[in-house]
Structure formats: C-alpha cells, structure tokens
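The values are calculated or read from the model by the stated rules, or taken from the named source; none is laboratory data. Remember, it's a predicted structure, so these values are computed and weren't measured experimentally. Here the Cβ positions follow ideal geometry from the backbone for every residue, glycine too, while neighbour counts run over all protein chains shown. When the accessible area is computed, the model is the full protein with side chains, heavy atoms only, and any ligands, DNA or RNA have been set aside. Shrake-Rupley method; radii C 1.70, N 1.55, O 1.52, S 1.80 Å.
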Amino acid sequence: MILISLRLFFESSTIERASISERNYIMPTKRKTFIDNFLKNDHTSRPKTKNNNGGSRPKSQGKKTPLYVLLIFIAAQLSPILFIAPTLSYFQGQGMDQEAAATATSGWLIFLTMGIGFLLTLLVIFRDKRFFDIWRGAKSSVFMSVVWGLLGFLLLLIGQSIAALIEMQLLGIEPGSENTASLVNIAEAVPFAIVSIVLFGPILEELVFRRVLFGSLNQTTNFFFATAISALVFALIHFDFTHLLLYFTTGLILAFLYQKTKRIITPIIAHICLNGYVMLIQLNMDKILEFQKQMEELQTAGFFFFQYLIK
C-alpha cells in the first residue's frame, strides 16, 4: 500500500482463462461508457420489474457508491498533508530527533487516516445493498470463497516469485523493495500502523481497484482488458516503478480471484495474507537469520560427528 502524501519522509509499501462463450459478467442492454458505470452502480441493465397493471417499470437509478469509495480512498491518501507539520512538531517536542519524529509521524498518520477512511468506506457501502451485485450467475459459496482466498495467497507468492526472477534475470533489477523496507521501519516504531498495513490497506485497495475500477471496466469492455488496466493502475499507485512487474502480477492474480468467485472477500483474504506474511517475515528477520545460523552450525557439527563415527 502507499500513502502518497507521506512520500516527504518515506516511500511506503507493500487468469482464469475464459473464451467468449464463457464470459459471465454483466453486459448492459444498451451500450454504456465506462464513466456511466463508474459513477453509478449499473442496475439499469437488469430486467425491469412489473407493476400491478402488468406493465413494466425500470428499477431505481443506482447510487454513486463507487465514486464515493474512490473519493474516500483519495482523501485518505492526501489528507495527511494537512497534519504532517503539526504532528512532526509534536514528536520533536517530545525529544525525538528528526528521523525518529518523521517515522512516528508517518506511522500514526497511516493508522489514523486509513482507519478513518476504512470506517467511512464501510458506512457508504452498507448504505448500498447492491454495491457488489455486478455479476451474472451464481456466486461461489462463502466457504469456497475463503478457500480460494487462501489458495490465492499461494498464487500470489508463486506469481511474485516468478516476477522477481524475471526482474533479476532479464531486467537486472535487484530484489528488495524500498516501500516494504520503509513500512517495516514504520511498523517497528508505531505498531498500530501494522493494522493499517495488514487490514485497512488491503481492504480499501481491493474495494477501489477490484470492485470499483475492475468491476466498472468489466461491465463495459471485457475481462482481459479490465484485468490489465486495473492491475496496471494498482502497480502505478504504489510508486515503486522499479518493481512495476511485481505489482502488476499481483494485480492480475487478485482480479482473477475476484472474477473466479464473484465475491470481493476472496481477493481481500489473499491480499491480507500477503501483507501479513511480508510483515511477519520482515519484522522477525533478525530472529530468522539467527535461527538459520544455528541450523547451519548444527548441520556442520553433525557432519563432523558423522565423519568421526565412520573412521
């Protein structure tokens, strides 16, 4: 995830193939532009309901929930600009040096702005019961959606490993993300920021990039185009252009998971698991390296002991 406004102090981080006959997304009965579906939920393409006189009447016009979700997300990214100076001054007044105060400022603003954005987004979505009703055909069961979310986490690990290998072998890009390193430093200084990194961020990003962007494009174009565009925007918004391929691959897999089950909970689970896994590994890297060192020493000792026995 990325908070654009905090780049003053850090750079924050981190298909299913279908033929034409297999496409199961809603296509409007009349040609609509992407903006039409983006500004409002596309309910006008569904069958009209009949009134008591046997006639038909269109359903009520869709709410502009996708637009509101997007605006809340943008506000959550930009609003910290208003609070950077006073927050930084406060921590410096507590005796912190410039670097420590900047890290603390970033961590608390990440937690507060993303948390408020998360709550506002849920409030807006809960007022629109049709926000997720954009697919034709039956949705996967909740159980299978959760299963696919966990499988999606494994797909993300595999996909990112392949993307990282391509970056190293073909593009000469060194592994490691400055975004991830910055977030790890922030999480160590402000543990509350972990909640935003692992929970608030993934949920908001899935609602914006999968439901709003991918979902709107998928209704007016096709699955492959919608997947590619949403994945590209997802990669660009992280502002880690060195590892653009890695983020693009992640976006492709998350869009596939959403299309597979037709439930947004699936990519959310996969995304949360990925961020949680990265944070768990990075925050305990010293312990992991120490454990590896001990295992190597035990292996060496065992080798010499075995050589002693066979003499």
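For V208, state whether it is under 14 Å from G251 (Cβ atoms) and not in a loop (DSSP other than H, G, I, E, B).
Yes; evaluated as a whole, the condition is true for this residue.
Just for region 122-135: of the residues that are surrounded by 14 or more Cβ atoms within 10 Å (Cβ to Cβ) and not hydrophobic (A, V, I, L, M, F, W, C), which one is nearest to S196 (Cα to Cα)?
D128
Scan the helices (runs of 4 or more DSSP H) fully inside region 219-288 and keep the ones with 2 or more residues being at positive phi and not polar (S, T, N, Q).
On the way: elements: 223-237, 244-261, 265-283.
Fully inside region 219-288 and qualifying: nothing.
Checking F224 against (1) buried (at least 19 other Cβ atoms within 10 Å of the Cβ); (2) under 22 Å from L252 (Cβ atoms), which single condition isn't satisfied?
Result: F224 fails condition (1) only.
Is it true that E290 is charged (D, E, K, R) and more than 13 Å from the chain's Cα centre (by Cα)?
Criteria met by E290.
Yes/no matrix, rows are residues, columns are (1) over 24 Å from A100 (Cβ atoms); (2) modelled with pLDDT of 90 or more:
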residue: L171; (1), (2): yes, no
residue: T180; (1), (2): no, no
residue: I186; (1), (2): no, yes
residue: A189; (1), (2): no, yes
residue: S196; (1), (2): no, yes
residue: V212; (1), (2): yes, yes
residue: Q219; (1), (2): yes, no
residue: F223; (1), (2): yes, no
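Based on this model, can you work out whether G251 counts as open to solvent by 20 Å² or more (accessible area, probe 1.4 Å), within 18 Å of the chain's Cα centre (by Cα) and of a type in the set (G, A, S)?
Against the criterion (open to solvent by 20 Å² or more (accessible area, probe 1.4 Å), within 18 Å of the chain's Cα centre (by Cα) and of a type in the set (G, A, S)), G251 does not qualify.
Within region 82-121, take every residue that is aromatic (F, W, Y) and open to solvent by less than 80 Å² (accessible area, probe 1.4 Å) and give me the one that is farthest from V212 (Cα to Cα).
F91
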